[in-house]
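K.L.:
Attaching a single structure in structure tokens format; questions to follow.
We did not get these values from a lab; they are worked out from the coordinates using the rules stated. Every value quoted in this text rests on a predicted model; they were computed, and no experiment measured them. Methodologically, a virtual Cβ is constructed for each residue, glycine included, from the backbone with ideal geometry; neighbour enumeration extends over all protein chains shown.
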Amino acid sequence: MKNLKICAAVSVVLMSSSGAFALNQADTANATIQLVAAGASAARDTFQAEFTANCQAGTVNLYRALPTANQDFRAYSCTLLNAAPVPVAIRNTNATVYYRAEGGSGWGPGSIAKNQQIKRLVVDGTCTLVAAPGFGDCGVTGYTLAADGGTGHVVAATTDLGVSDEEPAMYRGENWVGLALGSEPAPGVLEALARSTGFAQTFGILVNAANPATSISAQDAASIYQGTYFDWNQVQEQTTGNALPAQTITVCRRENGSGTQVSAAVRFLHQNCGTSSEGFVVQPAGPNGNPVVENTTTTTLETCVAGAAGAIGPNIFKNPAPAGTKYLSIDGVAPSKVNAARGTYDYWFESSFSKRPGLAGNANALADFLIARARAVAGIPGTSASAFAVPGLSGNSPVLPVAAAGTPVGIGTKGGNSCKTALGQL
């Protein structure tokens with residue numbers, strides 16, 4: 001009997017050492033590889049899918065800040081695969097990725113450029129333990145984005161990997177985060193960050209589901225976002241050529257530094273593109289008095305649009321649209337990753353990955369691996385409604401006609417410059 005007990009104990013030890021078990025709170029906190037990523041909320045779920053797709057079965061644990069409103073902090077942990085495509089040096093190793101989407105894209109490259117620590121999630125024994133794909137909750141109290149401060153399961157940490165919806169140069173001027181990050185970095189610092197272009201993402205004009213509009217012009221969208229238009233009867237429905245019914249426009253925007261906000265500022269108002277541009281309206285009201293509401297997360301923006309019949313705002317494209325909302329066609333072209341990949345829908349941008357200077361060892365190996373996945377069509381989840389692959393990266397080759405299913409490869413690339421139209425179209 002004693003020998004049987006000893007054998008059982010040895011078996012448990014061997015099973016544990018093999019890594020084939022779910023990582024609990026202590027395993028997550030003490031994982032051999034710790035990578036701190038910060039930035040784009042639009043890319044958050046795609047990034048999670050890229051990481052967990054290379055984990056051993058049954059080892060994944062996911063954590064998030066509670067309450068989830070206005071404090072978007074997560075942690076993903078697992079034992080990495082003991083096989084390709086995971087690099088040999090980090091195979092069969094416990095790894096934790098802390099992903100901060102709170103505040104949006106600008107906090108990633110911005111904190112690296114300023115060499116400034118920002119908050120990430122803390123996982124410990126007081127967080128709940130839930131089997132993936134569920135999320136364990138880690139309580140956070142009194143968090144504010146302006147001060148980047150709160151108590152409980154958050155701690156100041158150095159950002160290893162900045163994930164942004166556009167290249168760092170787009171986060172200048174009106175699009176700089178400010179707040180706890182303070183003033184902009186010196187000229188040239190953001191622009192000089194070493195970066196890699198990742199997958200492309202499709203954005204859209206989100207409106208309340210009750211809005212009778214189906215398609216508007218890019219110029220009308222620009223007039224709404226700069227505040228020149230303040231009532232829907234100033235906007236033409238393109239399918240009929242008639243003005244839309246009168247209703248006050250409520251603009252639901254994101255905060256400065258959000259990649260979603262930058263997407264609208266660049267596409268419609270040409271900000272940071274070396275030409276004259278207009279400012280995006282700010283809360284509480286536009287120049288003609290219509291309501292403007294700033295939101296610090298994608299979720300709260302979607303709630304804002306769903307909550308007011310005349311509401312409009314920029315958002316990552318989702319299919320189906322969030323409850324109570326719908327997306328408009330732009331100049332007669334419906335938003336979709338397939339139309340974006342084909343080159344007929346031009347409201348899309350190429351994501352960017354910026355590593356902290358000096359990042360080394362296993363954390364650097366994991367960062368490089370995740371970046372490589374984000375650059376390759378095989379690494380982008382086909383379930384994403386917005387993400388598609390950029391041609392010319394990691395052997396990505398467009399195939400015409402562009403497929404409606406899976407992950408298409410675009411027929412053109414902006415070459416990492418958000419101000420450009422797609423280059424090299426076939």
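K.L.:
How high is the FRET efficiency between residue 91 and residue 130 when r is their beta carbon distance and R₀ equals 30 Å, given to the nearest 0.05?
P.N.:
Efficiency, rounded to the nearest 0.05: 0.70.
K.L.:
Right, something else. Relative to the present Cα-Cα distance, how much length would full extension add between residue 68 and residue 210 at 0.36 nm per residue of separation?
P.N.:
48.4 nm
K.L.:
Give me the angle, in degrees from 0 to 90, between the Cα long axis of helix 2-18 and the longest principal axis of the Cα atoms of the chain, rounded to the nearest 10.
P.N.:
Relative to the chain, helix 2-18 is tipped by roughly 30 degrees.
K.L.:
Only one of the listed values, (i) 86, 50, 43; (ii) 65, 47, 41; (iii) 66, 56, 44, was derived from the coordinates as Cα extents along the principal axes in Å; which label is it?
P.N.:
Entry (i).
K.L.:
Once the other residues with Cβ under 9 Å from the Cβ of residue 216 are scored (Lys, Arg +1; Asp, Glu -1), what is the net sum?
P.N.:
Surrounding charge for residue 216 is -3.
K.L.:
Nearest 0.05, what FRET efficiency do residue 141 and residue 275 give at R0 = 41 Å with Cβ-Cβ as r?
P.N.:
0.35
K.L.:
Quick check: Cα centre of segment 132-185 to Cα centre of segment 385-426, how many Å?
P.N.:
The distance from the Cα centre of segment 132-185 to that of segment 385-426 comes to 29 Å.
K.L.:
May I pose another question? Report the full-extension gain for the segment residue 420 to residue 319: residue separation times 0.36 nm, less the Cα-Cα distance, to one decimal in nm.
P.N.:
Residue separation times 0.36 nm, minus the Cα-Cα distance, leaves 33.7 nm.
K.L.:
Another one. Mind checking which aspartates and glutamates have their Cα closer than 12 Å to the Cα of residue 326? Skip sequence neighbours fewer than 8 apart in that chain.
P.N.:
Answer for residue 326, where 12 Å is the Cα cut-off: 302, listed by chain and number.
K.L.:
Which value, in debye to the nearest 20, gives the size of the charge dipole of the chain about its Cα centre, when Lys and Arg are +1 and Asp and Glu are -1 at the Cβ?
P.N.:
1120
K.L.:
Which FRET efficiency, nearest 0.05, do residue 246 and residue 383 yield, Cβ-Cβ r, R0 60 Å?
P.N.:
0.90
K.L.:
I would also like to ask the following. In nm, what is the difference between 0.36 nm times the number of residues separating residue 309 and residue 360 and their Cα-Cα distance?
P.N.:
Difference between extended and current length: 13.3 nm.
K.L.:
Kindly list the residues of segment 105-136 that lie in the label zone of residue 155, defined by a backbone N under 16 Å from the point 7 Å along the Cα-to-C-beta vector.
P.N.:
117-127
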